[in-house]
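Quick notes on the structure that follows.
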């Protein structure tokens, strides 16, 4: 059951993948460039985090929160997503696993508005 205040239209997803060791530096550069684009150009993407597994640096998790379905659609349809995927996907050991999520709780204070 969702905590009050978390039932809105926000779309929350995780993406997990592992890249080939020889592609790690190229993928890290693409990740940094892509997140900079999201930060600057996608106001509907409320959160976009990329985590690299400490013990296995070729494994990654992306956590993203979109304001609503339109923000998710705009993100997914962008030329920048296609460019990022053209670098990342060929380097992956298996297809990227996307998971839709529902927030159960958080220690963050409720947002205003």
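Nothing in this text is a laboratory measurement; each read-out follows from the coordinates by a stated rule. Just so it is clear, the model here is predicted, and its values are computed rather than measured. Please note: Cβ atoms are built from the backbone with ideal geometry, for glycine as well, and neighbour counts cover all protein chains shown.
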Take the Cβ-Cβ distance between residue 14 and residue 83 as r, set R0 to 22 Å, and report the resulting FRET efficiency rounded to the nearest 0.05. 0.55
Globularity ratio of the chain, using Cα Rg and 2.2 N^0.38 Å: 1.13
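At a threshold of 8 angstrom on Cα-Cα distance, excluding pairs fewer than six apart, so keeping six or more, what relative contact order does segment 21-101 reach in percent?
Working: 67 pairs, mean separation 24.0, N = 81.
Relative contact order comes out at 30 percent.
Taking only DSSP H segments of four or more residues, each worth -39500 (n - 2.57), what value at 222 nm results for the chain once the sum is divided by all its residues, to the nearest 500 deg cm²/dmol?
Working: 3 runs with 37 residues, N = 113.
-10000 deg cm²/dmol, from helical runs alone.
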Can you tell me the orientation of helix 79-88 relative to the chain, as the angle in degrees between its alpha-carbon axis and the longest Cα principal axis, to the nearest 10? 50 degrees
So if each residue of separation counts as 0.36 nm, and I subtract the Cα-Cα distance between residue 39 and residue 26, what length gain in nm does that give? 2.7 nm
